[in-house]
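Asks: Mind having a look at this structure? Questions to follow.
The values are calculated or read from the model by the stated rules, or taken from the named source; none is laboratory data. Computed from a predicted model, the values in this text were never measured in an experiment. Note that we place each Cβ from the backbone using ideal geometry, even for glycine, and neighbour counts take in every protein chain shown. Heavy atoms of the whole protein, side chains included, go into the accessibility calculation; ligands, DNA and RNA do not. Shrake-Rupley method; radii C 1.70, N 1.55, O 1.52, S 1.80 Å.
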Amino acid sequence: MDEIEQLDIRREKTAIVRFRHSKPVTLALSHGVITTETSVFDYGCGRGEDVKYLQSVGIEAAGWDPHYQPTVALRSADAVNLGYVLNVIEDPREREETLRKAFNLAKRVLVVAVRVDHSLDTGVEFSDGLLTSRGSFQKLYSQSEFRDYVAQVLGRRPHMAGLGVAYVFRDELMESSYLVSLAQKRVETSREQTIDQFMQDADAKKYVELTAALGRAPIATEFSGYPELQERFGSLGRIERLARHALSLEAVEESRRRRREDILTYMAMARLRNLKTVPFRLLPQDLRADIGMLWPSYSAALREGNSFLFRIGNPELVRDACQRASVGKKLPDALYVHHSAEEQLGALLRLVIFAARQVVGEPEYNVIKISTDGRKLSFLQYADFDDQAHPELRHSVRVLLPLASYSVRDYSASLNPPILHRKETLVDVLYPYHTVFSELSAQEAASGLLARSDIGTKQAWLALLAESKLTIIGHQLVPISDA
């Protein structure tokens, strides 16, 4: 303690100039934790960029900082942001007290962020962190250390919203609503956009009306608009699949099935978080209506939600769910799914993904790898997924669910990173580039390239192409002489 008091630690040196929201505020906005109906106080706001940006979109916001905004009074708010403050406090006792003060100011939720898993170019050990060459202090956390620290100091289990970002709810109804939003969260995909375009298209409306009247897809002599539809929406099979969404009975049944899965997922999430059961009268009105439609009683829905949670620990059930998945690249030990197709996964697999996010939040990724035994899940980030024929793996965040631990691997500097093949299997059939991906895979299979088992890395794949006197331009396989 004497050593800490004698040093002049320059905490203000860590404040950076931003030109957009910080990561914790961006996540809180995207998750609906901060809205235009939410007041926000930024505890340790630095130069105040987050406060300015929040105010610019009509959100009531204020901030205090001991160096840049010392005259602003501390005040309570619905949401309090403690962003990258704990890292710079060299005194462990003051650090704990700061976390408690920030939480006590939060009426509904505390958003807290720290630096995790980053190394410093220069620094010497000091207290429980490092002194930098700029005279500032940095305490660097692992994700699990950060989660456990917040839980120990505040006595509440945090929600891990991202690497180094956590939500600590004081308002249980807000916490429950957050889980509802996660369970219902649908990534806005090209599938939904394409369906909307199809249902607004004049020729498509005529096609749907004729299909309903015939009870089947019309043949070419019955419908003259096929050429125009194919030009805009692709093959006849794809047009038929799009039309099914406009045929009421199937669409209604599909909506009910998905809503049931969403509600079961929400209830299992709440149990996984040990949240108290929200009284039926306090649930959102639309959720009460859905429960009334799908179950004989609220208690029956809760019982099914409880039993559903325990399926996550049954390897056979997870393996079966992977095998029955309507989308994804199915290997003996894993299922690979593009992030745009997560909504196509069943409730059990979405619950497995939610459990993994409880450990690492929402890392940057575009492909998820789910182990068929349900014990491991990896968030994978591939470079230029749409544009590169065989994207290179940039980094992976691998979560071991039974231990609630994770590891990060960085391939960005690797000369021989893992690469992807058969991209069409990872996405939904209505994905914009599905046909392009499929045609390339068909060319590669016809050339015998995909029969090899040693093509999973960049250098091995390039060697095989060279040996076969082939190259890839865009998503076309061509002889080197033609190229």
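Asks: Would you please classify the overall shape of region 79-120 from the alpha carbon gyration tensor, given that a ≥ b ≥ c denote the square roots of the eigenvalues, rounded means a/c under 1.5, and beyond that prolate means a/b larger than b/c while oblate covers the rest?
Replies: Verdict is oblate for region 79-120.
Asks: Can you compute the helix-only [θ] at 222 nm over the chain? Use -39500 (n - 2.57) per DSSP H run of at least 4 residues, normalise by all residues, nearest 500 deg cm²/dmol. Intermediate results must be reported in sequence, preceding the final value.
Replies: Working: 17 runs with 195 residues, N = 483.
Calculated at 222 nm, the ellipticity per residue is -12500 deg cm²/dmol.
Asks: Provide the per residue accessible area, probe 1.4 Å, for the chain, rounded to a whole number of square angstrom.
Replies: Working: 23820 Å² over 483 residues.
So the chain comes to 49 Å² accessible per residue, rounded to a whole number.
Asks: Once phi is turned into θ = phi - 60°, what whole-Hz ³J(HN,Hα) does the Karplus curve with 6.51, -1.76 and 1.60 give for every residue of region 294-300, x standing for Gly and Pro?
Replies: 9, 10, x, 7, 5, 5, 5
Asks: Another question about this same structure. Mind jotting down a quarter of the surface of the convex hull over the alpha carbons of region 26-65, in square nanometres, one decimal?
Replies: Details: hull surface 10.1 nm².
Average projection, Cα convex hull of region 26-65: 2.5 nm².
Asks: Under 19 Å from the Cα of Lys469, which lysines turn up, not counting those fewer than eight places away in the same chain?
Replies: By straight Cα distance, Lys469 reaches Lys458.
Asks: Also, I was wondering about something else. Averaged over all directions, how much area does the convex hull of the C-alpha atoms of region 26-119 cover when projected, in nm²? Please report the intermediate quantities before stating the final value.
Replies: Details: hull surface 25.7 nm².
About 6.4 nm², averaged over all directions.
Asks: Compute log10 of I(q)/I(0) for the chain with the Debye formula, placing one identical point scatterer on every Cα and leaving out solvent, at q = 0.10, 0.12 Å⁻¹, to two decimals.
Replies: -0.93, -1.21
Asks: I need the trypsin sites (Lys or Arg not before Pro) found in region 34-78, filtered to DSSP loop residues with at most 16 other beta carbons within 10 Å of theirs. Provide the component values of the computation, followed by the final result.
Replies: Values: sites: Arg47, Lys52, Arg75; in loops: Arg47, Arg75.
Filter output for region 34-78: Arg75.
Asks: Please give the net charge around Val318, taking every other residue with its beta carbon less than 15 angstrom from that of Val318, where Lys and Arg add +1 and Asp and Glu add -1. Provide the component values of the computation, followed by the final result.
Replies: Numbers: positive: Arg311, Arg319, Arg324, Lys330, Arg350, Lys369, Arg375, Lys376; negative: Glu316, Asp320, Asp333, Asp373.
Local charge sum for Val318: +4.
Asks: According to the square roots a ≥ b ≥ c of the eigenvalues of the Cα gyration tensor, what is the shape class of region 407-483, taking rounded for a/c under 1.5, prolate for a/b larger than b/c otherwise, and oblate for the remainder? Please list the in-between numbers first.
Replies: Values: a/c = 1.83, a/b = 1.07, b/c = 1.71.
Verdict is oblate for region 407-483.
Asks: Can you give the Kirkwood hydrodynamic radius for region 329-483, in Å, rounded to one decimal and based on Cα pairs?
Replies: Working: mean 1/r = 0.0604 Å⁻¹.
For region 329-483, the Kirkwood estimate is 16.6 Å.
Asks: Quick one: which residues, 5+ away or cross-chain, put their amide H under 5 Å from the amide H of Asp42? H built at 1.01 Å from N.
Replies: Residues meeting the criterion, in which the H sits 1.01 Å from N, are Ala62, Gly63, Trp64, Asn81.
Asks: Can you pull the percent of region 229-365's accessible area that's carbon plus sulfur, 1.4 Å probe, other chains left in place? Could you put the intermediate results ahead of the total?
Replies: Details: 3430 of 6750 Å².
The computed percentage sits at 51.
Asks: Each label point is 7 Å from the Cα along the Cα-to-Cβ direction; what then is the distance between the points at Ser447 and Glu94, in nm?
Replies: Each label point lies 7 Å from its Cα, and together they span 6.3 nm.
Asks: Scan around Tyr382 for amide H atoms under 5 Å from its own, H built in the peptide plane at 1.01 Å from N, and keep only partners 5 or more places away or cross-chain.
Replies: The answer is Asn366, Val367, Arg394.
Asks: Please work out the Cα center distance from region 33-63 to region 252-293, rounded to the nearest Å.
Replies: Value for the Cα centre distance between the two parts: 32 Å.
Asks: With θ set to phi - 60° and the Karplus curve 6.51 cos²θ - 1.76 cosθ + 1.60, what are the ³J(HN,Hα) couplings of region 320-325 in order, to the nearest whole Hz, using x for Gly and Pro?
Replies: Result, rounded to whole Hz: 5, 5, 5, 5, 8, 4.
Asks: Quick query: amide H of Ala334 versus all other amide H atoms, modeled in the peptide plane; which residues come in under 5 Å with a sequence gap of 5 or more or a different chain?
Replies: Long-range HN contacts for Ala334: Thr372.
Asks: Hey, which of these cross-link pairs are over 25 Å Cα-Cα: Lys101/Lys376; Lys376/Lys423; Lys139/Lys276; Lys205/Lys329?
Replies: Working: Lys101/Lys376 37 Å; Lys376/Lys423 22 Å; Lys139/Lys276 34 Å; Lys205/Lys329 33 Å.
As for pairs spanning more than 25 Å Cα to Cα, those are Lys101/Lys376; Lys139/Lys276; Lys205/Lys329.
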